[in-house]
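Everything on this sheet refers to the single structure shown next.
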Amino acid sequence: MSTELKNTEYGLEKIFEGAEDFLPLLGTDYVEFYVGNAKQAAHYYKTAFGFQSLAYAGLETGVRDRASYVLKQDKIRLVLTTPLRSDSKLNDHIVKHGDGVKIIALWVEDARSAFEETTKRGAKVYMEPTVETDEHGETVRAGIYTYGETVHMFVERKNYNGVFLPGYQKWESDYNPEPVGLKFIDHMVGNVGWNEMNTWVKWYEDVMGFVNFLSFDDKQIHTEYSALMSKVMANGNGRVKFPINEPAEGKKKSQIEEYIDFYEGPGVQHLAVATNDILHTVTEMRKRGVEFLSHPPQAYYDSVPARLQEFQHEMKEDIQKLAELGIMIDADEEGYLLQIFTKPIQDRPTLFFEIIQRMGARGFGAGNFKALFESIEREQEKRGTL
Ligand code: FE2
């Protein structure tokens with residue numbers, strides 16, 4: 001993969017010079033949410049996002065304190081977990097943060113080594129290396145804390161061929177809505193507090209061996225009212241990308257500050273999931289009731305052809321169709337990308353999803369930040385949090 005990356009503007013080739021290989025990551029393994037009602041959340045992700053039933057753990061499988069539903073769509077695995085009793089520690093997380101991402105699990109060859117290498121560089125322990133077994137083999141998992149109460153779990157599964165992890169059973173369901181074309185997790189963004197971005201950038205560099213390959217300051221990311229700063233961290237093979245945001249001063253409240261207020265601390269802001277056909281994916285998701293941020297104004301779409309021409313890209317998609325669906329377009333030297341953002345997917349204005357289709361571009365839609373943040377501000381205005 002390394003030879004494909006040649007974008008000097010973003011310094012992507014430097015990933016391989018600067019990143020350290022003490023923590024080789026094979027990719028994202030799963031993302032686990034703690035939610036108030038996992039059964040209903042699973043129904044939502046199946047119906048609205050086209051996820052498929054994969055595995056289950058709960059009372060019926062001998063787990064007494066929680067229920068977990070595992071959903072899959074192509075390479076993406078989501079785990080939705082809820083506590084079954086008032087004395088479960090999971091409740092504290094849900095009471096404080098509401099529904100949200102607890103674990104970003106990373107697939108590794110050797111979980112013990114990943115744990116050792118990161119903890120000796122200062123990572124705070126969440127779970128010591130733990131071997132789990134069943135008739136399908138064994139897994140090793142170990143976890144460390146990242147920002148807030150969020151955890152990176154290292155998952156070693158080379159000696160396991162069961163449906164998900166030991167303790168889970170295959171989940172057969174009579175209700176199987178069609179997938180909508182979501183393929184893999186492109187990036188996951190963390191929101192941290194005032195002046196904490198660089199602390200976490202350094203943490204990802206020192207503890208995880210990541211490199212900072214893109215940065216946006218508040219001069220680039222602002223509207224008339226609010227601002228934020230962002231740095232994108234990537235691992236050595238570029239498969240795992242974690243942008244980190246912090247609020248910046250503006251005339252009104254930054255959307256990052258709104259997140260921190262309602263999540264009551266740092267946490268995952270959005271999951272960006274990739275599709276090969278965003279027109280189909282978003283048409284389906286809208287039909288199934290997913291709410292997206294309001295459409296950019298027509299003036300935005302009028303300016304897109306010039307932006308693509310600047311980089312001499314020809315867009316395959318019909319711009320009018322993109323406008324009808326509210327999909328945004330950004331371009332750089334390597335290509336273009338198409339993206340759209342959902343509204344928050346729970347009542348607290350915290351976690352949301354991005355749907356992204358990359359047509360060569362490796363950026364994050366910097367050209368769309370202004371239009372995007374203006375739509376977010378329209379929502380903040382309604383919530384009285386701007
Ligand atoms: Fe994003």
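The values are calculated or read from the model by the stated rules, or taken from the named source; none is laboratory data. Nothing here was measured: the structure is a model prediction, and the numbers come from that model. For neighbour counting, all protein chains shown are included, and Cβ atoms are generated from backbone atoms with ideal geometry for every residue, glycine included.
Considering only residues in segment 166-210 that are free of Cβ contacts under 8 Å to residues at least 40 places away in the same chain and farther than 30 Å from residue 231 by Cα, the one that is nearest to the ligand (Cβ to nearest atom) turns out to be 166. Residue count for segment 222-254 satisfying the condition of being in contact with a Pro (Cβ under 8 Å, 6 or more places away or on another chain) and within 14 Å of the ligand (Cβ to nearest atom): 5. Might you check whether a residue that is in contact with a strand residue (DSSP E or B) (Cβ under 8 Å, 6 or more places away or on another chain), in contact (Cβ under 8 Å) with a residue 12 or more places away in the chain, farther than 29 Å from residue 315 by Cβ and surrounded by 20 or more Cβ atoms within 10 Å (Cβ to Cβ) occurs anywhere in segment 287-299? No: zero hits. Within segment 307-337, which residues are at negative phi and either in a loop (DSSP other than H, G, I, E, B) or of a type in the set (S, T, N, Q) (or both)? Across segment 307-337, the qualifying residues are 309, 311, 313, 314, 315, 316, 317, 318, 320, 327, 333, 334.
Would segment 352-362 turn up any residue that is crowded, with 19+ Cβ neighbours inside 10 Å, away from the ligand (no atom under 12 Å from the Cβ), part of a strand (DSSP E or B) and not aromatic (Phe, Trp, Tyr)? Yes, there is a match, as at least one residue in segment 352-362 is crowded, with 19+ Cβ neighbours inside 10 Å, away from the ligand (no atom under 12 Å from the Cβ), part of a strand (DSSP E or B) and not aromatic (Phe, Trp, Tyr). Screening 34, 69, 44 for residues that are at pLDDT 95 or above, under 19 Å from residue 271 (Cα atoms) and surrounded by fewer than 22 Cβ atoms within 10 Å (Cβ to Cβ) leaves exactly one candidate, 44.
Would you confirm, using the coordinates I've provided, whether residue 151 is more than 26 Å from residue 50 (Cβ to Cβ) and within 16 Å of the ligand (Cβ to nearest atom)? No, not satisfied. Is it the case, given these coordinates, that residue 317 is more than 15 Å from the ligand (Cβ to nearest atom), at pLDDT below 95 and either more than 22 Å from residue 282 (Cα to Cα) or crowded, with 21+ Cβ neighbours inside 10 Å (or both)? So residue 317 does not fit the description; no. Kindly evaluate residue 277 against the criterion of being within 16 Å of the ligand (Cβ to nearest atom) and in contact with a strand residue (DSSP E or B) (Cβ under 9 Å, 6 or more places away or on another chain). For residue 277, the condition - within 16 Å of the ligand (Cβ to nearest atom) and in contact with a strand residue (DSSP E or B) (Cβ under 9 Å, 6 or more places away or on another chain) - is not met. Applying the criterion of being more than 13 Å from the ligand (Cβ to nearest atom) and within 15 Å of the chain's Cα centre (by Cα) to the residues of segment 326-351, the residue that is surrounded by the fewest Cβ atoms within 10 Å (Cβ to Cβ) is 343. Residue 48 meets all of the listed conditions (1) within 29 Å of residue 272 (Cβ to Cβ); (2) outside any helix (DSSP H, G or I) but one, namely (2). For segment 257-273, give me the residue count where each residue is under 17 Å from the mean Cα position of the chain (by Cα), within 18 Å of residue 378 (Cβ to Cβ) and away from the ligand (no atom under 13 Å from the Cβ). Of the residues in that region, 1 qualify.
Total residues in segment 111-136 satisfying the condition of being part of a strand (DSSP E or B) and either free of Cβ contacts under 8 Å to residues at least 12 places away in the same chain or in contact with a Gly (Cβ under 7 Å, 6 or more places away or on another chain) (or both): the figure is 5.
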